[in-house]
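In what follows, a structure is listed as structure tokens, so that the remarks can point back to it.
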Amino acid sequence: MTEETMDTDISMPTNTVEDFLRMERMPHIWCPGCGIGTTVNCFAHALEASALDLKKVAVVSGIGCTGRVAGYMKLDSFHTTHGRAIPFATGLKLANPELKVVVYSGDGDLTAIGGNHFIHAARRNVDMTVILINNFIYGMTGGQVAPTTPIGATASTTPHGNFEEPFNLPYLAESCGAVYVARWTSFHVRHATKAIREALLKKGFSFVEIMAPCPTLYSRRNRLGDGLDQMKFYRDNSEIRNGADTKTVPLTFQGKITVGKFVDKDKPTYLEAMNAFYAQKFGDKFTPYKG
Amino acid sequence: MKADPKGVMTGAYFIDGDHACAEGAIAAGCRFVAGYPITPSTEVVERIAERFPLIGGMFIQMEDEIASSIAIQGGVWAGKKAMTVTSGPGFSLMMEHLGLAAMTETPCVFVDVQRAGPSTGLPTLPAQGDMMQARWGSHGDYAIIALCPNSPQESFDLTIKAFNLAEQYRVPVLLMLDECVGHMTERVVIPPADQIEITPRRYWEGSKEDFLLFKADADLVPPIVKAGDGFNIHVTGLTHDERGYPVMTPAAQEKLVRRLVDKIRKNADAIVEYREDQVDGAEIVVVSYGITSRVAIPAIEQARKEGMKVGHLRLITAWPFPTKRIRELSTKVRGFVVPEINYGQMVREVERCVAGRARVQLVPHGGGSVHNPKDIYAAIAGVGKG
Amino acid sequence: MADLPEKKKGLGSVVINAERCKGCGFCVEFCPPRCLELSDQYNAKGYHPPVLSLPEKCTGCNMCGLVCPDFAIYGFLFKKKQK
């Protein structure tokens, strides 16, 4: 973007989001009306608001459309293998606890192939922030069914319609031990920004699900219009129920969406538990592990 | 630089190969291990789990080998020397991440204590059936280094070497034990820390502005940095340019992947290592590695007693393979004998290098036990008779 | 190239990078005072980028900037908020 001379009395403000992006790589690869870019705005603003030392923030993603987020963030960023962002992030965090580790990936990546790692990191309460963009589909590979695809929706590998029960992600995260669980949509930009900031500043396994349109595949195959139509749907069919029992917030095909902050509790993180345990066992012989 | 004395268990011990490997890792400065139990490798991580808490190391038993093999890479990028340990079935699971480490040039160590395969096979019994997998197991073109200890002492020594080579060449290095070497108990001498040479990580020392994470030095190896130091690195398994940014073109592929392969191929002279015994002037050369190299000794001695001129070439690096030396020998000897506990893996490398100039006799052996030296002797005698 | 804000009207204004826009329409729909609309003009890629059609109504709330998936628009206040 070039700056021209102006004859007004206001100085040109910058879009602070660009401070967090590798602008030399723009434009990004996401489709018109895709919600991922919207969530990146929320992430950038949340990082800004969190006042974290950006040198210590590391973003880890997997494979898929959302997985490409890591490549666009101007931070230490790692675009790892499909489903394995979380164990890589675990390694980063445990090797250097000073790092603030954020996993930013999609529903298929994190809960299908990555499901095992998701539940164990939550169980261990490894201190990391997991931002899961849920577009109910495998976008990058052409629109296959995902563990979040609602019953009745069509995907390229369920061309006659999906009959598998999808995950209720907040319920899954809570049941595995996540200390912070929230769901918003890419329409709820201010709520999502606040949730990401809270999750970033929260100790432990913090999980934020953000629903986003996939106009090219999920919406088109299911005749749901384009990205804007999906965003309007989120606006008109979401109900905010902070503190709701996560058992009660499953999603159905074009059904009611429950959003909000569902879980926010405190538990020792993996490293806190480890240090406390070994301190008790070994006394002075043990130096608390700091990396 | 010298090893950090904290953690080096200087002294003479009666321990097995798995335990010696753990001590070698600790002596080399490894302070991050992620692993998963699998016979006959589990003792390595069990010892690490025992030792790490009091020397500031981080060990975590991950939920599977796939998680372990990438958690160590997170550990490396956060600044630690890292290792994972497994056997055949786990080794297969780790292949994707071995490729990731090669592609992203992440220095780390993968230990495979080989057991009989394929599949679940014979979990508690030895084999050497993963040797080709070590070289070619992940998809695509890349190169790695693989070392073969034949004793607990060598398990200690070569683990240190593995870490040093990983840092020198910014590459994953494999340590190919077998169940025999892993579970045999022998004397292992651990020297004082100031007698142990450690290769430090090749960190970039210039300015942030000039740094390119995948721009190689003259030896084809790029300097590295770690997360948290403000370099805003990007590391991806996609084909990438010197900045680390994905570039989806054949030109980028050629530039990057050719260098990954050449990084080891062109430095092979410095990396390749083997031990020779009476190879100069020999008519028959036994090429062996791992436990089989010890089983071959009585066979070789018997043949020598009968007047045969038998040399013994023992691989320390299985990969890169000592191509030059075998090629050179192939013009001078009558033949090679290659005993291995598989149905023919490293023999193919010998055949490749020999290119028909001499006889190559494989002595195969099914997984589950070591050779009877008589079989190796019979092969030597057979080659001797021509 | 960005469109520059006009002389001070309303509480704030927007900066639009027309070439980056993909015409998704989020900003138009979710602008609370509804002061944006997609222009008749095309950018180089064939999309209709937005224009600030009612600048006096712009509150500088940056809702457009938050929802834009392409980082092609953002809003700003003329005066910084008093603390």
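Out of all the residues in the stretch B:239-253, is one or more within 14 Å of chain A (Cβ to nearest Cβ) and among the aliphatic types (A, V, I, L, M)?
The first filter runs over the stretch B:239-253 and keeps only residues within 14 Å of chain A (Cβ to nearest Cβ), leaving B:239-248.
Pick out the ones that are also among the aliphatic types (A, V, I, L, M) and you get B:247-248.
Checking the stretch B:239-253: at least one residue is within 14 Å of chain A (Cβ to nearest Cβ) and among the aliphatic types (A, V, I, L, M).
Might you check whether a residue that is surrounded by fewer than 16 Cβ atoms within 10 Å (Cβ to Cβ) and closer than 28 Å to B:Ile70 by Cα occurs anywhere in the stretch B:267-283?
Scanning the stretch B:267-283 turns up no residue that is surrounded by fewer than 16 Cβ atoms within 10 Å (Cβ to Cβ) and closer than 28 Å to B:Ile70 by Cα.
With the condition kept exactly as written, say whether any residue in the stretch B:79-86 is farther than 26 Å from B:Glu179 by Cβ, hydrophobic (A, V, I, L, M, F, W, C) and in contact (Cβ under 8 Å) with a residue 24 or more places away in the chain.
Within the stretch B:79-86 (the criterion being farther than 26 Å from B:Glu179 by Cβ, hydrophobic (A, V, I, L, M, F, W, C) and in contact (Cβ under 8 Å) with a residue 24 or more places away in the chain), the answer is no, since none of the residues qualifies.
Taking the conditions exactly as written (more than 27 Å from B:Lys226 (Cβ to Cβ) and within 13 Å of chain B (Cβ to nearest Cβ)), does A:Arg84 satisfy them or not? Break it down into steps so the answer makes sense when it comes.
Details: more than 27 Å from B:Lys226 (Cβ to Cβ): no; within 13 Å of chain B (Cβ to nearest Cβ): yes.
In short, no.
Look at the stretch A:45-68 and say how many of its residues are assigned to a helix (DSSP H, G or I), of a type in the set (A, V, I, L, M) and more than 10 Å from chain B (Cβ to nearest Cβ). Steps first, answer last, please.
Residues of the stretch A:45-68 that are assigned to a helix (DSSP H, G or I), as a first pass: A:45-50, A:54-56, A:66-68.
Still in the running and of a type in the set (A, V, I, L, M): A:46-47, A:49, A:54.
Imposing the further condition that a residue be more than 10 Å from chain B (Cβ to nearest Cβ) reduces the set to A:46-47, A:49.
Counting residues in the stretch A:45-68 that are assigned to a helix (DSSP H, G or I), of a type in the set (A, V, I, L, M) and more than 10 Å from chain B (Cβ to nearest Cβ) gives 3.
Give the number of residues within the stretch C:1-22 that are in contact with a strand residue (DSSP E or B) (Cβ under 8 Å, 6 or more places away or on another chain), at pLDDT 95 or above and outside any strand (DSSP E or B).
2
Between a residue in the stretch B:206-232 that is more than 11 Å from chain A (Cβ to nearest Cβ) and basic (Lys, Arg) and any residue that is surrounded by fewer than 18 Cβ atoms within 10 Å (Cβ to Cβ) and in a loop (DSSP other than H, G, I, E, B), which pairs come within a Cβ distance under 7 Å, given they are 6 or more apart or on different chains?
B:Lys215/B:Glu242
Residue by residue through the stretch A:221-240, note down the ones that are more than 10 Å from chain C (Cβ to nearest Cβ) and in contact (Cβ under 8 Å) with a residue 60 or more places away in the chain. Don't jump to the end; show me each part of the working.
Kept after step one, since they are more than 10 Å from chain C (Cβ to nearest Cβ), are these residues of the stretch A:221-240: A:221-225, A:230, A:233-234, A:236-240.
Matches in the stretch A:221-240: A:Arg221, A:Asn222, A:Gln230.
List the number of the failed condition for A:Val17; all other conditions in (1) β-branched (Val, Ile, Thr); (2) modelled with pLDDT under 95; (3) not in a loop (DSSP other than H, G, I, E, B) hold.
Tallying (1) β-branched (Val, Ile, Thr); (2) modelled with pLDDT under 95; (3) not in a loop (DSSP other than H, G, I, E, B), A:Val17 fails exactly one: (2).
Among the residues of the stretch B:84-97, write down those that are crowded, with 24+ Cβ neighbours inside 10 Å, of a type outside the set (Ser, Thr, Tyr) and touching a Gly at 6+ places or on another chain (Cβ under 8 Å).
The answer is B:Val85, B:Gly88, B:Phe91.
Read through the list (1) farther than 20 Å from A:Ser186 by Cβ; (2) within 7 Å of chain A (Cβ to nearest Cβ), then give the number of the only condition that C:Gly65 fails.
Unmet for C:Gly65, out of (1) farther than 20 Å from A:Ser186 by Cβ; (2) within 7 Å of chain A (Cβ to nearest Cβ): (1).
When you check B:Arg314 against the structure, is it of a type in the set (D, E, K, R) and assigned to a strand (DSSP E or B), yes or no? Break it down into steps so the answer makes sense when it comes.
Values: of a type in the set (D, E, K, R): yes; assigned to a strand (DSSP E or B): yes.
Criteria met by B:Arg314.
Being within 14 Å of the chain's Cα centre (by Cα), surrounded by fewer than 24 Cβ atoms within 10 Å (Cβ to Cβ) and at pLDDT 95 or above: is that true of A:Leu169 here? If you could, list the steps in order and put the result at the bottom.
Details: within 14 Å of the chain's Cα centre (by Cα): yes; surrounded by fewer than 24 Cβ atoms within 10 Å (Cβ to Cβ): no; at pLDDT 95 or above: yes.
So A:Leu169 fails the test.
Just one of the numbered conditions (1) surrounded by 16 or more Cβ atoms within 10 Å (Cβ to Cβ); (2) in a loop (DSSP other than H, G, I, E, B); (3) away from chain A (no Cβ under 14 Å) is not true of B:Leu256; which one?
Of everything listed in (1) surrounded by 16 or more Cβ atoms within 10 Å (Cβ to Cβ); (2) in a loop (DSSP other than H, G, I, E, B); (3) away from chain A (no Cβ under 14 Å), B:Leu256 misses just condition (2).
Here is a list of conditions, (1) at positive phi; (2) not assigned by TED's automatic domain parsing to the domain that holds B:Leu158, and B:Gly244 meets all of them except one; can you say which number that is?
(2)
Take B:Gln133 and tell me if it is under 14 Å from the mean Cα position of the chain (by Cα) and within 24 Å of B:Pro322 (Cα to Cα). Explain how you work it out, then say what you get.
On the way: under 14 Å from the mean Cα position of the chain (by Cα): yes; within 24 Å of B:Pro322 (Cα to Cα): yes.
Yes; evaluated as a whole, the condition is true for this residue.
Any chance the stretch C:33-42 includes a residue that's within 10 Å of another protein chain (Cβ to nearest Cβ) and either among the polar types (S, T, N, Q) or not in a strand (DSSP E or B) (or both)?
In the first step, residues of the stretch C:33-42 are kept if they are within 10 Å of another protein chain (Cβ to nearest Cβ); the result is none.
No: the stretch C:33-42 contains no residue that is within 10 Å of another protein chain (Cβ to nearest Cβ) and either among the polar types (S, T, N, Q) or not in a strand (DSSP E or B) (or both).
For A:Ala89, state whether it is in a helix (DSSP H, G or I) and either touching an Asp or Glu at 6+ places or on another chain (Cβ under 6 Å) or without any contact (Cβ under 8 Å) to a residue 40 or more places away in the chain (or both).
Values: in a helix (DSSP H, G or I): yes; either touching an Asp or Glu at 6+ places or on another chain (Cβ under 6 Å) or without any contact (Cβ under 8 Å) to a residue 40 or more places away in the chain (or both): yes.
So A:Ala89 passes the test.
Tell me whether the stretch B:302-312 contains one or more residues that are under 26 Å from the mean Cα position of the chain (by Cα) and without any contact (Cβ under 8 Å) to a residue 40 or more places away in the chain.
First, pick out the residues of the stretch B:302-312 that are under 26 Å from the mean Cα position of the chain (by Cα): B:311-312.
Next cut, without any contact (Cβ under 8 Å) to a residue 40 or more places away in the chain only: B:311-312.
Yes, because at least one residue in the stretch B:302-312 is under 26 Å from the mean Cα position of the chain (by Cα) and without any contact (Cβ under 8 Å) to a residue 40 or more places away in the chain.
The values are calculated or read from the model by the stated rules, or taken from the named source; none is laboratory data. Just so it is clear, the model here is predicted, and its values are computed rather than measured. Positions of Cβ are backbone-derived with ideal geometry, glycine not excepted, and every protein chain shown enters the neighbour counts.
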